[in-house]
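Undergrad: Pasting in a structure now, in structure tokens, and then I'll have a few things to ask.
Here, each number is a calculation from the coordinates, and none is a lab measurement. Keep in mind the model is a prediction, meaning the values are calculated, not measured. We place every Cβ from the backbone using ideal geometry, glycine too, and count neighbours over all the protein chains shown.
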Amino acid sequence: GISDNKGDSPAQYTKFMGRNIGDNIGDGPAKYTFFLKWFNENKSYLYRTRESFHQFNSPQIYVVSLEAKYLCIPVSHEDGKFRRQLTEHEKQCLYGFSNIDGNTKMLLANHSNFLFRRNYYEWNVWIHYPIYEQIRIARAAGGI
């Protein structure tokens, strides 16, 4: 499972986070602090991949479900499936989300999670806008 083993090096934490995430952060306390912030933001949306050291030099053991982060609904850490049934509105949101490029998905997932954590009311208004309006607002906000 996901643990917080204090014996690991900060470099190992950013490997856990995914390829190229946190690479521009120095070593030591700054990298550890960056990891903790990232982990707290993403822990509900992490799930295991089937990548291993037999397949890759640097496997991604866990990845963030951008769909889950966008909807702010936790997933199973084992298979990445939502922990509850989706509403019709959530299914419609996912349909629009599935038809945009990867960078825009990352933008929306991050913005959605930011709003959700900051102000549920604002998030609830935003998530009910059409996808093109959500994108416009997220871009105008500077891509949080």
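Undergrad: For a footprinting-style exposure proxy, rank CYS72, CYS93 by other Cβ within 10 Å, fewest first.
TA: On the way: CYS72 18, CYS93 23.
Going from sparsest to densest Cβ surroundings: CYS72, CYS93.
Undergrad: A further question follows. Any chance you could check the Cα centroid distance between the stretch 125-144 and the stretch 64-85 for me, in angstrom?
TA: 20 Å
Undergrad: Per residue of the stretch 85-98, in order, report the coupling 6.51 cos²θ - 1.76 cosθ + 1.60 (Karplus, θ = phi - 60°) as ³J(HN,Hα) in whole Hz, putting x for Gly and Pro.
TA: With the stated coefficients, the stretch 85-98 comes to 5, 8, 6, 4, 4, 4, 5, 5, 4, 5, 4, x, 5, 5 Hz.
Undergrad: Let me know the shape class of the stretch 84-144, please: from the alpha-carbon gyration tensor, a ≥ b ≥ c as square roots of the eigenvalues, rounded when a/c is under 1.5, otherwise prolate if a/b is greater than b/c, or oblate.
TA: Oblate.
Undergrad: Spelling out what I want: for every residue of the stretch 37-48, take phi, set θ = phi - 60°, compute 6.51 cos²θ - 1.76 cosθ + 1.60 (Karplus), and round to whole Hz; glycine and proline get x.
TA: Residue by residue, the stretch 37-48 yields 4, 4, 4, 5, 6, 10, 4, 6, 10, 7, 9, 6 Hz.
Undergrad: Still on this structure: Given H placed on each backbone N at 1.01 Å, which residues far from TYR62 in sequence or on other chains put an amide H within less than 5 Å of it?
TA: Here THR49 satisfy the definition.
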